[in-house]
Amino acid sequence: EAMSLADRIVIMHEGVLQQVGSPDEVYSHPANLFVAQFVGSPVMNVADAAVAETASSVSVTVGGAPAGFEFPRALLSKLNGHAGGQLALGIRPEGVLIRREATEGFLPVETQIVEPLGSFDIVDLKVGSKMLRARTKSGFVAGPGQKVFARIDPAQAHFFDTASGKSLGVRL
């Protein structure tokens, strides 16, 4: 309710202030993992991530998947030394893009659960050992067990320090 009624929101956890801001600020720029997973429905996907430089881009692997999602090389400089550390990738379901056909930059994944919600569906995708939720138009995915191709929209990705839970403030 606060997201739709308030001009400013205060997020508390166990009596400790986590973030103060407009609904858009809190949703789009969560200060930490708690806020990221507290605000929004469905909540933000969060997965431990490994970052590696490739010949032409940066690969971000989640869930021990055999391949990583492609990100621009600018990610390395923005991570400022955190690339080899304990990182979590955060992405809202609308930032997980899926296609039915193999497309460059998209990884093969399998649908697990399809939750129809009227004008859109929430689809659980198995990426390595991790589940990522994607928001798609209604009926885009036929059902569980379908092979589709997924990509993370780099502009919507968030990175967090897993030890502290704090956002690294990295946006592309």
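Tell me, which helices (runs of 4 or more DSSP H) lie completely within segment 5-118 with 1 or more residues that are over 15 Å from Lys166 (Cα atoms) and in contact (Cβ under 8 Å) with a residue 12 or more places away in the chain?
Details: elements: 23-28, 33-38, 74-79.
Once the helices (runs of 4 or more DSSP H) in segment 5-118 are filtered for at least 1 residues that are over 15 Å from Lys166 (Cα atoms) and in contact (Cβ under 8 Å) with a residue 12 or more places away in the chain, what remains is 23-28, 74-79.
Of these, Ala36, Ala65, Ala49, Ala31, which one is within 23 Å of Gly128 (Cα to Cα), surrounded by 17 or more Cβ atoms within 10 Å (Cβ to Cβ), outside the structural domain of Lys126 (by TED's automatic domain parsing) and in contact with a strand residue (DSSP E or B) (Cβ under 6 Å, 6 or more places away or on another chain)?
Working: Ala65 fails: outside the structural domain of Lys126 (by TED's automatic domain parsing); Ala49 fails: outside the structural domain of Lys126 (by TED's automatic domain parsing); Ala31 fails: within 23 Å of Gly128 (Cα to Cα).
Exactly one residue qualifies, and that residue is Ala36.
Which of the following residues is surrounded by 14 or more Cβ atoms within 10 Å (Cβ to Cβ), more than 13 Å from the chain's Cα centre (by Cα) and outside the structural domain of Ala50 (by TED's automatic domain parsing): Leu107, Leu79, Leu75, Leu168?
Leu168
The values are calculated or read from the model by the stated rules, or taken from the named source; none is laboratory data. Here the structure is a predicted model, which means the values were calculated and not measured. Because the Cβ atoms are built from the backbone with ideal geometry, glycine has one as well, and the counts that use them run over all protein chains shown.
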